[in-house]
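Values quoted throughout were computed directly from the atomic coordinates according to the rules given, and no laboratory measurement underlies them. As the structure is a prediction and not an experimental result, all values here were calculated from the model. We place every Cβ from the backbone using ideal geometry, glycine too, and count neighbours over all the protein chains shown.
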Amino acid sequence: MKIESNSNQNTAEFKGFSKETLAKFDEIKNHFPEGKEKSAIIRMLHLAQSEIGWLSTEGMDAVAKILNIQTIEVYEVATFYTMFHVNPVGKYVFEVCRTGPCMLVGSDKIIDYIQEKLNIKVGGTTADGAFTLKTVECLGACGYAPVLQCNYKFHENLTKEKVDELIDAYRSGIIEN
Ligand code: FES
């Protein structure tokens, strides 16, 4: 599927989670003993984010309600981990590692190149809603640096040429979400 408009950025009003997601929330929650359901936060936030595309305040509040905990407890987790998006993002989120080993082999130049190529700054989203650029700490693939993760897929040993190919592949739908 080709990217043609800014409809890729998920800004739709949150109207509650689907029945399927609510059933999965229950299943996850039931893995933990009574009173310890809070331990399900991270898995539930992943699920919430995969359904709504990002973690809106309303979405996080709904998770807090299901877990019977304070909303601030959910916000704390969601804002601590960079894999959670607390603002609307594009269809494809480039999370480029900026930690030492990646930086030593040029991740800063890769970040600059992506900014220039997509005409956005770190944290920004392209006008067509296709791409968001974020920087993150070590992705655990230092041996293949520089590395970026896009929607749970890793892209390693990056060069400017590879970035060009990657963007083209996502735009043309060769790499699926
Ligand atoms: S430092 Fe980049 S993956 Fe570890």
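Please order 137, 34 by the number of other Cβ within 10 Å, starting at the fewest.
Ordered by Cβ neighbours within 10 Å, fewest first: 34, 137.
Exceeding 29 Å between C-alpha atoms, which entries from my cross-link table qualify? They are 19/134; 36/121; 19/91; 29/121.
Checking Cα-Cα distances, 19/134; 36/121; 29/121 exceed 29 Å.
How much length is gained if the chain between residue 83 and residue 160 is pulled fully straight, taking 0.36 nm per residue apart and subtracting their Cα-Cα distance, in nm to one decimal?
25.3 nm
Sort by residue number and report every cysteine in the chain with no other cysteine beta carbon within a distance under 4.7 Å.
When partners are defined as cysteine Cβ atoms under 4.7 Å apart, the chain leaves 138, 142, 150 without one.
Given N residues in the stretch 1-116, what is its alpha carbon radius of gyration divided by 2.2 N^0.38 Å?
1.27
Starting from the Cα of residue 24, draw a straight line to each of the lysines and keep only those under 16 Å, dropping any in the same chain fewer than 8 residues away.
Within the straight-line cut-off, residue 24 pairs with 38, 65.
Could you give the dipole magnitude of the stretch 34-121 about its Cα centre, charging the beta-carbon of Lys and Arg +1 and that of Asp and Glu -1, in debye to the nearest 20?
Here the stretch 34-121 has a charge dipole of around 220 debye.
Using per-residue counts of other Cβ atoms within 10 Å, averaged over each peptide, order 39-52, 150-163, 13-26, 88-101 from highest down.
Peptide ranking by packing, descending: 88-101, 39-52, 150-163, 13-26.
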